[in-house]
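Asks: Here's a structure for you.
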Amino acid sequence: MQSLKIIAAIFVKDLRVEWRNRETLASMCVFGILVVFLFNFAFEPGREESLRLLPSLLWISFAFAGVLCFNRSFAVERENACLEGMAVAPVDPGLIFLGKMLANLLFLGIAECVIVFAVALWFNFTFLPSLKWFALITFLGTVGYVAVGTIFGAIAANTHMREVMLPVLQFPVAVPVFIAGIEATTGALKGDPPSSYLGWVRLEAVIAVVFIVLSYLLFEYVLEE
Amino acid sequence: MPPDTPPPDRAGLELRNVSKYFGDLAALSGAQLRVRLGDAILLYGPNGAGKTTLLRLLATVARPSEGEVLFDGEDVHRHATAARAAIGYVSHPTSLYGDLTVRENLKFFGRMFALPSLGMKIAATLELFRLSDRAGTPVRKLSRGLQQRVSLARAFLHEPQFLLLDEPFTGLDAANVETLESLLCQLPAQGKAVIFSTHDFERGAALARRLVALEAGKIRYDGPLALIPRNLLPVTVERSRQKAEGSKQ
């Protein structure tokens, strides 16, 4: 019970900080919309080509919006050494990771909704027929990506070129998430029977669990000098 | 003696032959230090002597490259929860969220320490540090001195047994220096330990019973203030002493 209170305290703290400065969410949404906007002008695809391009476009947009999210999330902690303030509290460091991860998940989820809306608008594409499976695929992929991004965000926060180091460090590790996400999303948006892409969805779920557990266990080493 | 109380010879914070390296730089080398409840220790030394590193190791923020940091005889990193509940740490950065108010910061850290009756504790701490009228102000809008007071309030909130303070007087005006001095004086009598670093030797000497002098990452002296070798005294203090002796003659 105490663990849940700690996670909730960190989650609420992150929401409160974001509400006060509104830097993270705004930049993520604007960036995502810009990517979609540029792709729309670059390709102007028909329906068939959209089905080929949109899954990749979506996950590229999610990936870069995520980088902004994770960088910003730990920029707040780096300022005034706030992460150190949490590190000297008598809490399991993994709980700090979970609290930060939940906040990042919410922010990235909101940005993804905005990006999907922008895609639907500019590409004249409707997600409604496959909404349930698309939502599940996006959720599972995002959970796995946010787990990786949160721990690497904490690692990169201590480096000199943190804005560059974060994508350099995390993208290679997150590749399985993107591959599974893109493959599953392609199947869902094409309207293929779920059995044809269920394997990818299961892979997303396994990756998410593995990344969460590993990040939870390793986070204490990230916090310490 | 209750079963969970460590024997007197094991109680406290201890550095046992601790070294800390940053690449090739030995920030701390072979440090042996024992901090018991009731101690009031002044950590003194020139810039780069290793004072901050020593405090960070005791506060469990950093791991030693060699040696052990012990809390009540046990490795502090294996029993981190118990150790951290007993330690209050103030470093150069304030560890405060600039976009949150003073009260929100204290509430957050109070929750991290799972403090009961948190509202009452926060009110009492705000009163102690004369911050009640600033409770609703975002920390970012406070002066450096006020932020330092909030940082001290954060460290005092959970009434730690060991208070580790790195340059705690930085940015404080005279009235608040007096408040902090008064608080620090009371702690040993309350059975708590305080270890602090300051560049103001005379102020620190007035508060401490024991001096740990560092130089180039090594502890050169650990003992009563009155017995410190002259060559380890700061130049200004030595000059004052010589001047006083000269005027007596």
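Asks: At a Förster distance of 22 Å, what's the computed FRET efficiency of B:Asp75 paired with B:Lys218, Cβ-Cβ distance as r, to 0.05?
Replies: The value I calculate is 0.40.
Asks: Just how far, in whole angstrom, is segment B:43-65 from segment A:152-178 if you go by their alpha carbon centroids?
Replies: For segment A:152-178 versus segment B:43-65, the Cα centre distance is 29 Å.
Asks: Could you give the size of the charge dipole of segment A:67-225 about its Cα centre, using +1 on the Cβ of each K and R and -1 on the Cβ of each D and E, expressed in debye and rounded to the nearest 20? Kindly include the intermediate steps, with their values, before the conclusion.
Replies: Values: 7 positive and 12 negative charges, 102 e Å.
The calculation lands at about 500 debye.
Asks: Same structure, new question: Each label point is 7 Å from the Cα along the Cα-to-Cβ direction; what then is the distance between the points at B:Arg16 and A:Ile60, in nm?
Replies: 5.8 nm
Asks: Next up: Find how much the distance from A:Arg78 to A:Val173 grows on full extension, using 0.36 nm per residue of separation minus their present alpha carbon separation; answer in nm with one decimal.
Replies: Gain on extension, A:Arg78 to A:Val173, equals 31.9 nm.
Asks: Can I ask one more? Mind checking which lysines have their Cα closer than 18 Å to the Cα of A:Lys190? Skip sequence neighbours fewer than 8 apart in that chain.
Replies: A:Lys132
Asks: At a temperature of 10 °C and a viscosity of 1.306 mPa s, determine how fast segment B:37-153 diffuses translationally according to Stokes-Einstein, using the Kirkwood radius over alpha-carbon pairs as Rh; express D in µm²/s, rounded to the nearest whole number.
Replies: Estimated diffusion coefficient is 99 µm²/s.
Asks: Using a 10 Å cut-off on Cβ atoms, rank the peptides B:220-228, A:205-213, A:107-115 from the highest mean neighbour count down.
Replies: So the peptides B:220-228, A:205-213, A:107-115, ranked by packing, come out A:107-115, A:205-213, B:220-228.
Asks: Just going by the charge dipole of segment B:1-105, with Lys and Arg at +1 and Asp and Glu at -1 on Cβ, which of B:Gly30, B:Gly48, B:Leu70 is farthest out on the positive end?
Replies: Selected residue: B:Gly48.
Asks: Same structure again: Quick one: length gained pulling B:Ala226 to B:Arg36 fully straight, 0.36 nm per residue minus the C-alpha distance?
Replies: Working: separation 190, 0.36 × 190 = 68.40 nm, distance 1.97 nm.
Answer, rounded to one decimal: 66.4 nm.
Asks: For every helix of n ≥ 4 consecutive DSSP H residues, a contribution of -39,500 (n - 2.57) applies; sum these over chain B, divide by its total residues, and give [θ] at 222 nm rounded to the nearest 500 deg cm²/dmol.
Replies: Rounded to the nearest 500, the figure is -10500 deg cm²/dmol.
Asks: Any idea which of A:Leu25, A:Leu189, A:Asn71 is furthest toward the positive side of the dipole for chain A, if Lys and Arg beta-carbons carry +1 and Asp and Glu beta-carbons -1?
Replies: Of the listed residues, the answer is A:Leu189.
Asks: Report, as an integer, the average count of C-beta atoms from other chains found within 10 Å of each Cβ along B:83-95.
Replies: Average neighbour count from other chains, rounded to a whole number: 4.
Asks: With just the Cα atoms defining each centre, how far is segment B:83-112 from segment A:1-28? Give it in Å.
Replies: 16 Å
Asks: In cubic angstrom, how much convex hull volume per residue do the alpha carbon atoms of the protein assembly as shown span?
Replies: 173 Å³
Asks: Between A:Ala120 and A:Leu4, what is the FRET efficiency for a Förster distance of 41 Å, r being their Cβ-Cβ separation, to the nearest 0.05?
Replies: 0.70
Asks: Grab the Cα-Cα distance for A:Leu136 and A:Glu225, subtract it from 0.36 nm times how many residues apart they are, and report the gain in nm with one decimal.
Replies: Residue separation times 0.36 nm, minus the Cα-Cα distance, leaves 28.2 nm.
Asks: Just checking the output field for A:2-9: average partner chain Cβ neighbours within 10 Å of each residue's Cβ?
Replies: 2
Asks: Amide H to amide H under 5 Å from B:Ala62: which residues, 5+ apart in sequence or cross-chain, H placed 1.01 Å off N in plane?
Replies: Those lying under 5 Å, H to H, from B:Ala62 are A:Glu225, B:Leu57.
Asks: In addition: Listed here are the pairs A:Lys13/B:Lys107; A:Lys5/B:Lys107; A:Lys100/B:Lys20; B:Lys20/B:Lys218; B:Lys20/B:Lys192; which of them are more than 20 Å apart at the Cα?
Replies: Flagged as over cut-off: A:Lys100/B:Lys20; B:Lys20/B:Lys192.
Asks: Could I ask something else about it? Calculate the mean, over all residues of peptide B:108-118, of how many other protein chain Cβ atoms lie within 10 angstrom of the residue's Cβ.
Replies: Mean shielding by partner chains, rounded to a whole number: 5.
Asks: Oh, and also: Cα gyration tensor of segment B:160-201, axes a ≥ b ≥ c as square roots of the eigenvalues: rounded (a/c below 1.5), prolate (a/b > b/c) or oblate?
Replies: Oblate is the answer for segment B:160-201, as a/c is 1.5 or above yet b/c matches or exceeds a/b.
Asks: Might you report the magnitude of the Cβ-based charge dipole of the protein assembly as shown about its Cα centre, with Lys and Arg at +1 and Asp and Glu at -1, to the nearest 20 debye?
Replies: Here the size comes out at about 920 debye.
Asks: What share of Cα pairs, in percent, lie more than 21 angstrom apart in chain A?
Replies: Summing the P(r) tail past 21 Å for chain A gives 55 percent.
Asks: Between B:Asp133 and A:Met161, what is the label-to-label distance in nm when each label sits 7 Å out along the Cα-to-Cβ direction?
Replies: My value for the distance between the label points is 5.1 nm.
No lab work stands behind these numbers, since they all come straight from the coordinates. Source: prediction; values computed, not measured. Methodologically, a virtual Cβ is constructed for each residue, glycine included, from the backbone with ideal geometry; neighbour enumeration extends over all protein chains shown.
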